[in-house]
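Written out below as structure tokens is the structure these notes cover.
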Number of protein chains: 2
Amino acid sequence: MALLVQKYGGTSVTSPEHIGHVADRVAAARQLGHRIVVVVSAMGEETDRLNALAQATNPAPRPRELDVLLATGEQATIALLAMALERRGCAARSFTGAQAGIRTDATHNRARIESIDPTAIREALANKQVAVVAGFQGVDANGNITTIGRGGSDTTAVALAAAIGADECQICTDVDGVYTADPRIVPAARRLDRISMEEMLELSGMGSKVLHPRAVEYAGRHRVPVRVVSTFMSGDGTLVDHQQSDMEGPQLVGIACNRDEAMITVSGIPDQSGIGAALMGPLADANIDVDMVVQNQGQDGRIDLSFTVQRGDHDRALRRLRQTADELSARSVSANDKIAKISVVGAGVRRSHAGVVSKLCQVLAGEGIDIRMLSTAEIKVSVAVDEKYLELAVRALHDAFQLDRAEDTGSEDRHTDADTKSAV
Amino acid sequence: MALLVQKYGGTSVTSPEHIGHVADRVAAARQLGHRIVVVVSAMGEETDRLNALAQATNPAPRPRELDVLLATGEQATIALLAMALERRGCAARSFTGAQAGIRTDATHNRARIESIDPTAIREALANKQVAVVAGFQGVDANGNITTIGRGGSDTTAVALAAAIGADECQICTDVDGVYTADPRIVPAARRLDRISMEEMLELSGMGSKVLHPRAVEYAGRHRVPVRVVSTFMSGDGTLVDHQQSDMEGPQLVGIACNRDEAMITVSGIPDQSGIGAALMGPLADANIDVDMVVQNQGQDGRIDLSFTVQRGDHDRALRRLRQTADELSARSVSANDKIAKISVVGAGVRRSHAGVVSKLCQVLAGEGIDIRMLSTAEIKVSVAVDEKYLELAVRALHDAFQLDRAEDTGSEDRHTDADTKSAV
């Protein structure tokens, strides 16, 4: 008899039939006596349809009005799901972001949730209703409709779970959990029963589309247990746990990869203070996000700096950068717009960066794959390689790090639930 | 430099191109210095699309949730129109029903506007913005989204015009004004420059789809001048005037007709008190609306009662009525589901019901058209005839009452504007 938040994304609610299936699932959980808040996204391609309408009307729509438009997507879904639940004899009540008490700042299109007043939702739960809440949206202090940008519905779900003190926030999606690698690339990839927030953050930040990093961060900050489960299949999915993992084992949880990357290198920059800011500032101003950044001492005291950007930003970034590089009297600018990024992730990295890096280099060298860039983070080692090697590299690393096998030494702290092992 | 409310219905905003055209029109009025509040409906078939989604999800959706769903239609349009206006350099701000301060009662699907707090809209106008308001929707005292049912956007526009003290409420639609008859039936039909509220009410209540009777009533009560104009053509349209017309002439303003009617007659009901209630009560309970009702003394002190219903309600009405008729020991129930209703409307009817009725009967008899029912109202005489005679009857009456000619005697009070005559 738990208090649960369940989030269903766009692919789970593409049609009235899909919505009916979700209603069956929610009604079944109600039958078990759970109290439930459901957070839904817009139906399937609805957000794309609305964006296309906006583009046809004004190629540079005012963010405030874009939010008014986009918010209709989730509003339609909450009404339909509430209807579907009522049809199944399951009392339900829909809530727009505003009605759910979700207050955000005034940054349209990518607002941040400032507070949630769960009074109305608590009332619905007390009346034995399922509360069906529109994800992705809220309202600012002046009553303007806002949307909370990418990963919005995940973040709404986690924030609501925190606000009402839910026992678990379930992210119901089209995969049945978090895997050690993309199963389409690595058939031997294994579903994880449990993963730490920190590890999830690194995996999801790397294009594992399962759960948005913003939501993971929020869950970590507010200690909300999150579970990734399938909308369409039964199973326990993967629990994303806020417990710090203190285990000793050398374990890695997975290999993440991102295909649509480009890499830019500025070579031979005369050393002076503030180079990073000088180079990155114009990119930030143009809203170009930079990911891996590596700075090296080059020849004769000059500096080489490389970084990756999303492929779609490559041309714009290069144009801006050439100009800055000239101003800084850099020797050259080179670029490669067919780059893939691969990361090996796990708390075990923390214990031995050197061990993981050396093995990684050895495996890729063995396959004849050049490493274009390498950087390490707390629990992650990332490399940039030519895109054509992506599958080869991921498979080789998955195999070499034995990710297809559940750990069976030194990881007892990790598997505290009796049932997780057997579900592997 | 007037304060105007302009309402654009679904056919005026079917696509981004249509919305662009509306924006051009609004921007042009802004250029002239007018302050403008725009009220819009959902795009083209959007409301039908949403209703179909609801039906597919739950054939008997809860009215509260249906309102949440349907309200998205207008919300999308306000955002798009605001974007289109901004693209034309015309500052604009969208308002949902709730944001516009439109408070209704809690009767979902057909709520009544209780009050409007125009503070936010006044603020937008003061900031030289066009206020773009979602028609058809509001919010009840508990913050639930409501829709105000049929004719909703017209009513929203008129109510807003009243609340802000607008100089005129313009209903912009796909016809260029109010005609003496449907021009598709009567090619000689003439656009009226001016019509009284009362006359408009009778005309629009009779299936003249131009302006919803609820909106006309509201305008009459709050003395809001309403003008019906074309979205797509220039022209002054028809002014619906709250001035009582005191003229002397025998003028009629038009002939309205409604095709989709059915007629039911209960004959030989023993006279007793409360027959009307006994017969009509079960229909009202079943939400079947009854229109023309005629009661006559029949043979041997018994009573005959006839009335019309919408054709779609015919079978249901007949079923209920047979049962009641049995209980009342009525002699027989007969029905005709191919009936058309035709009304001759105008302040002139008031002066001489007898004159209008006798001429009407004479004209129809001359064409060999049987009158199945006849009833008179303050400024209207209505008849029910077999549907196949509809066009013939309307044309003959239009011709006989000389509606193709502007009145030129005894109607000076009517045409107070110098320009109206010439525009005929």
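Report yes if B:Gly9 is of a type in the set (Gly, Ala, Ser), at pLDDT below 95 and out of contact with any Lys or Arg (no Cβ under 6 Å at 6 or more places or on another chain), otherwise no.
Judged against the criteria, B:Gly9 is a match.
Across the stretch A:80-104, which residue is nearest to the other protein chains (Cβ to nearest Cβ) among those that are under 14 Å from A:Gly135 (Cα atoms) and surrounded by fewer than 22 Cβ atoms within 10 Å (Cβ to Cβ)?
Result: A:Gly101.
Being touching a residue at least 24 places away in the same chain (Cβ under 8 Å), under 13 Å from B:Leu279 (Cβ atoms) and not aliphatic (A, V, I, L, M) is the filter here, so list the residues in the stretch B:293-326 that pass it.
B:Asp304, B:Ser306, B:Phe307, B:Arg320, B:Gln323, B:Thr324
Which of (1) more than 9 Å from every other protein chain (Cβ to nearest Cβ); (2) assigned to a loop (DSSP other than H, G, I, E, B) is the odd one out, the single condition B:Pro61 does not satisfy?
If we test B:Pro61 against (1) more than 9 Å from every other protein chain (Cβ to nearest Cβ); (2) assigned to a loop (DSSP other than H, G, I, E, B), just (1) comes out false.
I'm trying to understand the selection: among the residues of the stretch B:38-59, which are under 16 Å from B:Gln75 (Cα atoms) and either surrounded by fewer than 17 Cβ atoms within 10 Å (Cβ to Cβ) or touching a Phe, Trp or Tyr at 6+ places or on another chain (Cβ under 9 Å) (or both)?
Residues satisfying the conditions are B:Val38, B:Val39, B:Val40, B:Ser41, B:Ala42, B:Glu45, B:Thr47, B:Asp48, B:Arg49, B:Asn51.
Provide a single number: the residues in the stretch A:344-370 that are of a type in the set (Gly, Ala, Ser) and more than 17 Å from A:Gln402 (Cβ to Cβ).
3
Residues are listed down the side, and each one gets a yes or a no for (1) in contact with a strand residue (DSSP E or B) (Cβ under 7 Å, 6 or more places away or on another chain); (2) outside the structural domain of A:Val344 (by TED's automatic domain parsing); (3) within 21 Å of A:Leu360 (Cβ to Cβ):
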site: A:Ile264; (1), (2), (3): yes, no, no
site: A:Gln272; (1), (2), (3): no, no, no
site: A:Leu279; (1), (2), (3): yes, no, no
site: A:Ala286; (1), (2), (3): no, no, no
site: A:Ile303; (1), (2), (3): yes, no, no
site: A:Phe307; (1), (2), (3): yes, no, yes
site: A:Arg320; (1), (2), (3): no, no, no
site: A:Gln323; (1), (2), (3): no, no, no
site: A:Asp326; (1), (2), (3): no, no, no
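Just one of (1) in contact (Cβ under 8 Å) with a residue 60 or more places away in the chain; (2) more than 9 Å from every other protein chain (Cβ to nearest Cβ); (3) surrounded by fewer than 21 Cβ atoms within 10 Å (Cβ to Cβ) trips up A:Gly33, so point out which.
Tallying (1) in contact (Cβ under 8 Å) with a residue 60 or more places away in the chain; (2) more than 9 Å from every other protein chain (Cβ to nearest Cβ); (3) surrounded by fewer than 21 Cβ atoms within 10 Å (Cβ to Cβ), A:Gly33 fails exactly one: (1).
Quick check, is B:Val5 surrounded by 24 or more Cβ atoms within 10 Å (Cβ to Cβ), more than 9 Å from every other protein chain (Cβ to nearest Cβ) and in contact with a Phe, Trp or Tyr (Cβ under 7 Å, 6 or more places away or on another chain)?
The answer is no for B:Val5.
Can you tell me which condition A:Ile269 does not meet? The list is (1) aliphatic (A, V, I, L, M); (2) over 25 Å from the mean Cα position of the chain (by Cα); (3) under 22 Å from A:Val385 (Cβ atoms), and all the others hold.
A:Ile269 satisfies every listed condition except (3).
Can you tell me how many residues within the stretch A:117-143 are more than 19 Å from B:Gly97 (Cα to Cα), within 11 Å of chain B (Cβ to nearest Cβ) and in a strand (DSSP E or B)?
1
Do any residues in the stretch A:38-55 that are within 13 Å of chain B (Cβ to nearest Cβ) have Cβ atoms under 6 Å from those of residues that are charged (D, E, K, R) and surrounded by 23 or more Cβ atoms within 10 Å (Cβ to Cβ), where the two are at least six apart or on different chains, and which pairs are they?
A:Ala42/A:Glu74
I'd like to check something: does the stretch A:18-26 contain any residue that is among the small types (Gly, Ala, Ser), more than 23 Å from the chain's Cα centre (by Cα), surrounded by fewer than 24 Cβ atoms within 10 Å (Cβ to Cβ) and within 10 Å of another protein chain (Cβ to nearest Cβ)?
Yes, the stretch A:18-26 has at least one match.
Return the pairs, sorted by first residue and then second, in which the second residue is assigned to a loop (DSSP other than H, G, I, E, B), the first residue lies in the stretch A:328-345 and is assigned by TED's automatic domain parsing to the domain that holds A:Phe307, the beta carbons are less than 6 Å apart, and the residues are 6+ apart or on different chains.
A:Ser329/A:Pro270; A:Ser343/A:Met206; A:Val344/A:Leu252; A:Val345/A:Val253
Name the helices (runs of 4 or more DSSP H) wholly within the stretch B:261-353 that hold at least 2 residues that are surrounded by fewer than 12 Cβ atoms within 10 Å (Cβ to Cβ)?
The helices (runs of 4 or more DSSP H) meeting that bar are B:275-285, B:314-327.
Quick check: is even one residue across the stretch B:78-89 over 22 Å from A:Asn58 (Cβ atoms), at pLDDT 95 or above and not hydrophobic (A, V, I, L, M, F, W, C)?
No, the stretch B:78-89 contains no residue that is over 22 Å from A:Asn58 (Cβ atoms), at pLDDT 95 or above and not hydrophobic (A, V, I, L, M, F, W, C).
Any residue at all in the stretch B:384-407 that's crowded, with 16+ Cβ neighbours inside 10 Å, within 18 Å of B:Gln295 (Cα to Cα) and in contact with a strand residue (DSSP E or B) (Cβ under 9 Å, 6 or more places away or on another chain)?
Among the residues of the stretch B:384-407, at least one is crowded, with 16+ Cβ neighbours inside 10 Å, within 18 Å of B:Gln295 (Cα to Cα) and in contact with a strand residue (DSSP E or B) (Cβ under 9 Å, 6 or more places away or on another chain), which makes the answer yes.
Does B:Val139 qualify as being touching a Phe, Trp or Tyr at 6+ places or on another chain (Cβ under 7 Å), crowded, with 20+ Cβ neighbours inside 10 Å and either modelled with pLDDT under 95 or of a type in the set (Val, Ile, Thr) (or both)?
For B:Val139, the condition - touching a Phe, Trp or Tyr at 6+ places or on another chain (Cβ under 7 Å), crowded, with 20+ Cβ neighbours inside 10 Å and either modelled with pLDDT under 95 or of a type in the set (Val, Ile, Thr) (or both) - is not met.
Before we move on, is B:Ala166 within 18 Å of the chain's Cα centre (by Cα), in a loop (DSSP other than H, G, I, E, B), modelled with pLDDT of 90 or more and aliphatic (A, V, I, L, M)?
no
Output the number of the condition that B:Glu114 fails; it satisfies all remaining conditions of (1) more than 9 Å from every other protein chain (Cβ to nearest Cβ); (2) buried (at least 24 other Cβ atoms within 10 Å of the Cβ); (3) part of a strand (DSSP E or B).
Unmet for B:Glu114, out of (1) more than 9 Å from every other protein chain (Cβ to nearest Cβ); (2) buried (at least 24 other Cβ atoms within 10 Å of the Cβ); (3) part of a strand (DSSP E or B): (2).
In the set B:Thr72, B:Thr77, B:Thr146, B:Thr107, which member is more than 10 Å from every other protein chain (Cβ to nearest Cβ) and not in a loop (DSSP other than H, G, I, E, B)?
Of B:Thr72, B:Thr77, B:Thr146, B:Thr107, the one residue that is more than 10 Å from every other protein chain (Cβ to nearest Cβ) and not in a loop (DSSP other than H, G, I, E, B) is B:Thr146.
The values are calculated or read from the model by the stated rules, or taken from the named source; none is laboratory data. Treat the numbers as computed from the prediction; the structure is a model and nothing was measured. Every residue, glycine among them, receives a Cβ derived from its backbone with ideal geometry; neighbour counts consider all protein chains shown.
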